[in-house]
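These notes are about the structure you will find just below.
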Amino acid sequence: MTMEPKPLRIIAAADSNMGIGICGNLPWHLPNEYKYFLSKMTSVSAAGKKNLVIWGKGSAIKDCSSLPNCYGVVLSRTLSSVPKNANYLCRDLLSAIDLALLPPLSEEIETIWVIGGVKPFEEAMKHPACDRIYLTNIMATFNTDTFFPEFDRDAFKLLDEFPEVPSEIQEENGIRYKFQVFQRVCK
């Protein structure tokens, strides 16, 4: 059986030191950035389609049940049943990706989104289907204990503009941030 590839995308927000979390929580309170991050970017474009949203059990993003037209997958090697905040439980990222590529979901899934934590981000970046990283640049420094992984800036180039992604600096609760899109460069 041939599996039709699906776009694999990463979406995150990081502070000036690439910090993404503290004690399993987000270190900032930016409801508009979060809403844009979750609702706008992970929305589907084709009628009748859904997206697969993947996150690690310890990720700062705990619940994606409010996302329209999305299935949620929690990654965990220790949980034995699907948590109430998700539709599926997988042991690793490749198993979660396979969910989208095999029946019954293969016809329904449009895009696969990885929204946290560090290990799923690292694995997704190395996957050949990963074509974009959506990374909000939080223009401040926070107390963090979890960091967005380094990535190859030659393999993923920052775009000056991207359709439907605001290119101007945003501000919320006195914190400035900018939405960024990194596109994989074909070699």
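With θ taken as phi - 60° and the coefficients 6.51, -1.76 and 1.60, list the Karplus ³J(HN,Hα) couplings across the stretch 152-160 in order, rounded to whole Hz; mark glycine and proline as x.
Ordered by residue, 3J(HN,Hα) equals 6, 6, 8, 7, 10, 9, 5, 8, 5 Hz.
What's the magnitude of the charge dipole for the stretch 8-184 around its Cα centre, counting Lys and Arg as +1 and Asp and Glu as -1 at the beta-carbon? Answer in Debye, nearest 20.
440
With +1 on the Cβ of every Lys and Arg and -1 on the Cβ of every Asp and Glu, and nothing else charged, how large is the dipole of the stretch 91-187 about its Cα centre, in debye rounded to the nearest 20? Present the calculation step by step, with values, prior to reporting the outcome.
Values: 10 positive and 18 negative charges, 64 e Å.
So the dipole magnitude of the stretch 91-187 works out to roughly 300 debye.
What fraction of the DSSP beta bridges in the chain is antiparallel, stated in percent and rounded to the nearest 5?
Close to 45 percent.
Which residue fluctuates most in the GNM of the chain (Cα springs below 10 Å): Val44, Val73, Val114?
With Cα springs under 10 Å in the chain, the top fluctuation among Val44, Val73, Val114 is at Val44.
Enumerate the amide H contacts of Ser59 below 5 Å, restricted to partners 5 or more residues apart or on another chain; note that Pro and chain-start residues carry no placed amide H.
Gly117
Defining a contact as two alpha carbons under 8 Å apart and six or more residues distant in sequence, what relative contact order in percent does the stretch 105-187 show?
Numbers: 89 pairs, mean separation 29.2, N = 83.
Value for the stretch 105-187: 35 percent.
If I take every Cα pair under 8 Å that is 6 or more residues apart in the stretch 8-184, average their sequence separation and divide by the length, what percent do I get for the relative contact order?
Numbers: 350 pairs, mean separation 55.5, N = 177.
RCO, the stretch 8-184: 31 percent.
Would you kindly derive the ³J(HN,Hα) couplings of the stretch 129-137 from the backbone phi angles with the Karplus curve 6.51 cos²θ - 1.76 cosθ + 1.60 (θ = phi - 60°), listing them in order in whole Hz, with x for Gly and Pro?
Going residue by residue, I get 7, 6, 10, 8, 10, 9, 10, 6, 8 Hz, with x marking Gly and Pro.
Can you give the translational diffusion coefficient of the stretch 58-158 in µm²/s, computed by Stokes-Einstein from the Kirkwood radius over Cα pairs at 37 °C and 0.692 mPa s?
Working: Rh = 15.2 Å.
D, rounded to a whole number, is 216 µm²/s.
Taking the dipole about the Cα centre of the stretch 44-119, with the C-beta of Lys and Arg at +1 and of Asp and Glu at -1, give me whichever of Cys70, Ser106, Trp55 is farthest to the positive side.
About the Cα centre, the residue reaching furthest to the positive side is Trp55.
Every number here is computed from the coordinates shown, using simple stated rules; none is lab data. As the structure is a computational prediction, the values presented were derived from the model and not from experiment. Using ideal geometry, Cβ is built from the backbone for each residue, glycine included, and neighbour counts are taken over all protein chains shown.
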